[in-house]
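Novice: If you scroll down you'll find the structure; I have some questions about it.
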Amino acid sequence: MKKPKVIVVLVLILLIIIVLAQNAEAVDVNFLFWNFSASAFIMYLIFYIIGVISAAIGMFWRRI
């Protein structure tokens, strides 16, 4: 029964990788008093990871 879940997760990961790979250009980032240039791929990846961590914390917080 876990096979469909695994397939869905793998397809989602593949889609995320495709979207990230298409955004490889450099972007200027202005955050508070920091200004720097970074690849959009890295920025989107960081935001995605922060979102996953936030969702995990939210799920575990409700269990407490």
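Novice: Whole-Hz Karplus ³J(HN,Hα) for segment 7-12, in order, using 6.51 cos²θ - 1.76 cosθ + 1.60 and θ = phi - 60°, x for Gly and Pro?
Specialist: Whole-Hz 3J(HN,Hα) from phi for segment 7-12: 5, 4, 5, 5, 5, 4.
Novice: Output the 0 to 90 degree angle, nearest 10, between the alpha-carbon long axis of helix 40-63 and the longest principal axis computed from the alpha carbons of the chain.
Specialist: The angle comes out near 40 degrees.
Novice: Taking H as built 1.01 Å from N, whose amide H comes closer than 5 Å to the amide H of ASN23, not counting residues under 5 places away?
Specialist: none
Novice: If I take every Cα pair under 8 Å that is 6 or more residues apart in the chain, average their sequence separation and divide by the length, what percent do I get for the relative contact order? Provide the component values of the computation, followed by the final result.
Specialist: On the way: 32 pairs, mean separation 13.7, N = 64.
So the answer I get is 21 percent.
Novice: Sort largest first and round to whole Å: the equivalent ellipsoid semi-axes of the chain, each the square root of five times a Cα gyration tensor eigenvalue. Can you show the working numbers first?
Specialist: Details: eigenvalues 164, 81, 3 Å².
Square roots of five times the eigenvalues give 29, 20, 4 Å.
Novice: Calculated from DSSP H runs of 4 or more alone, at -39500 (n - 2.57) each and per residue, what is the 222 nm mean residue ellipticity of the chain, nearest 500?
Specialist: Counting only the DSSP helices, I get -23500 deg cm²/dmol.
Every number in this text was worked out from the coordinates using simple rules, so none of it is lab data. Owing to the predicted nature of the structure, the values given are computational and were not obtained by experimental measurement.
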